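For reference, the structure is listed below as structure tokens.
The values are calculated or read from the model by the stated rules, or taken from the named source; none is laboratory data. Source: prediction; values computed, not measured. FYI the Cβ positions are ideal-geometry reconstructions off the backbone, even for glycines, and counts take in every protein chain you see. Heads up: the accessible areas ignore ligands, DNA and RNA and are worked out on the full protein's heavy atoms, side chains in. Shrake-Rupley method; radii C 1.70, N 1.55, O 1.52, S 1.80 Å.
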Amino acid sequence: MKIICIGRNYAEHAKEMKAQVSETPVFFMKPDTAILRNGYDFYKPDFTNDLHYECELVYRIDKVGKNIAEKFAHKYYAAVTIGIDFTARDLQQNCKEKGLPWEIAKAWEHSAPISTEFIELSKIDASNISFELKKNGTVVQQGNSTEMIFNIDQIIAYISTFMTLKKGDLIFTGTPAGVGPVVIGDVLEGFLEGKKMFSFQVK
Ligand code: MG
């Protein structure tokens, strides 16, 4: 199983990161060891002093495919959830300045906490999915799938020109504006269509 993450997929977030919006999706990957399931504690790693949350819609691939046309992409996924693309922002900034890959900032152990529950897209309006993140009870991020620069079908079409997508692969679709730091003791709660999907304490 692989985890593919899209960067700069919300205009307001690209702005807050002072990043250019790209003409094609920007993606990077996390290993399967990045997954942390809801219910387990999240431990802040020692190698960062600027750990940021990025709450994102996560789609699960349900069918193997390569070179998937955008118009057929909807046949390759059926469920969505939310997760956090944890980012060691200080390390990422250093990588960006040196033109290096981002893995040390993004792909570390348990850097992708995710809800254990997926919502079937047939049961909701799949073209209009809202989500939000609360930190210590206060809403810090709100997003909607309609605000994505590249929608999930375009993302799947693009990624699958480079690699085979397999059943169980996860696609983190980028974060809306409002990213920020967490410190030990903070509690993060994620909501999808108003339903609480996960709760993690930073330890
Ligand atoms: Mg992200």
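List of remarks:
- Total residues in segment 105-129, condition away from the ligand (no atom under 15 Å from the Cβ) and either part of a strand (DSSP E or B) or in contact with a helix residue (DSSP H, G or I) (Cβ under 9 Å, 6 or more places away or on another chain) (or both): 9
- Test for M148: is it of a type in the set (A, V, I, L, M) and away from the ligand (no atom under 16 Å from the Cβ): no
- Filter pass, V187 being open to solvent by 40 Å² or more (accessible area, probe 1.4 Å) and either in contact (Cβ under 8 Å) with a residue 12 or more places away in the chain or farther than 21 Å from A73 by Cβ (or both): yes
- Boolean, I156 is away from the ligand (no atom under 16 Å from the Cβ) and either crowded, with 17+ Cβ neighbours inside 10 Å or hydrophobic (A, V, I, L, M, F, W, C) (or both): yes
- All positions within segment 150-165 that are of a type in the set (A, V, I, L, M, F, W, C) and either without any contact (Cβ under 8 Å) to a residue 12 or more places away in the chain or under 18 Å from A11 (Cβ atoms) (or both): F150, I152, I155, F162
- For segment 5-15, the candidate set comprises residues that are open to solvent by 70 Å² or more (accessible area, probe 1.4 Å) and within 14 Å of the ligand (Cβ to nearest atom); within that set, the residue that is modelled with the highest pLDDT is R8.
- Scan segment 178-195 for residues that are more than 16 Å from the ligand (Cβ to nearest atom) and either within 17 Å of the chain's Cα centre (by Cα) or closer than 27 Å to G65 by Cβ (or both) and the total you get is 4.
- Candidates M163, M197 - the one that is open to solvent by less than 60 Å² (accessible area, probe 1.4 Å), in a loop (DSSP other than H, G, I, E, B) and out of contact with any helix residue (DSSP H, G or I) (no Cβ under 8 Å at 6 or more places or on another chain): M163
- Segment 166-177 - residue that is within 15 Å of the ligand (Cβ to nearest atom) and open to solvent by less than 20 Å² (accessible area, probe 1.4 Å) and, of those, nearest to H13 (Cα to Cα): P176
- Criterion applied to S130, S111, S115 was being within 16 Å of the chain's Cα centre (by Cα), over 15 Å from I3 (Cα atoms) and surrounded by 14 or more Cβ atoms within 10 Å (Cβ to Cβ), and the one residue passing it is S130.
- For S115, the stated conditions do not hold, so it cannot be described as farther than 18 Å from E189 by Cβ and out of contact with any His (no Cβ under 9 Å at 6 or more places or on another chain).
- Residues (in contact with a strand residue (DSSP E or B) (Cβ under 6 Å, 6 or more places away or on another chain) and not in a loop (DSSP other than H, G, I, E, B)) located in segment 9-29: V26, F27, F28, M29
- Segment 30-98 holds strands (runs of 3 or more DSSP E) entirely within its bounds, and those carrying 1 or more residues that are away from the ligand (no atom under 16 Å from the Cβ) and touching a residue at least 40 places away in the same chain (Cβ under 8 Å) map to 35-37, 55-61, 77-84.
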